[in-house]
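Asks: After the structure tokens below, expect a handful of questions from me.
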Amino acid sequence: MRKLKSSKTKSTHFIRGSLPPEARDIRNALYPSQAVSRPPTLQEKLAAFIKIKKIPGTDWYKRHTHLTWCSGKECEPARKAAKAAQGKIPVVEERTEGTVPPDGLNLHGATPHSFSHFRKP
């Protein structure tokens, strides 16, 4: 069996793709709340990126990754509004017992065995 060589690089307890808490705090400070009146400028974003890169364990964190995260934060309110608009379903009036729905089906007296002829053998 082959013996594995030990890594000479300094290891951290953070996994790749996960920022240390200090770095997350710097990044989240760019967008203090969901109702931001003005998004940060490119210079502010890059200044935060440079601060993040100075923290150990952020070798994997690239400029593109940072700007993509920032873009996602800026588009989030519009995305949530669009999702909410898609999810709006018109309220259907509740029917009383014995009434026939507009499509002509009356399922009020149906039992679990009423549809047994649709089952596959």
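Asks: Could you tally the net charge around P40, taking each other residue with its Cβ under 11 Å from the Cβ of P40, Lys/Arg +1 and Asp/Glu -1?
Replies: Taking every Cβ under 11 Å from that of P40, the sum is +2.
Asks: Provide the net charge surrounding W69, with neighbours chosen by a C-beta distance below 12 Å and charges set as Lys +1, Arg +1, Asp -1, Glu -1.
Replies: Local charge sum for W69: +4.
The numbers here are math on the coordinates, done by the rules we state, and not lab data. Only a predicted model underlies this, so the values are computations on that prediction, with no experimental measurement involved. Every residue, glycine among them, receives a Cβ derived from its backbone with ideal geometry; neighbour counts consider all protein chains shown.
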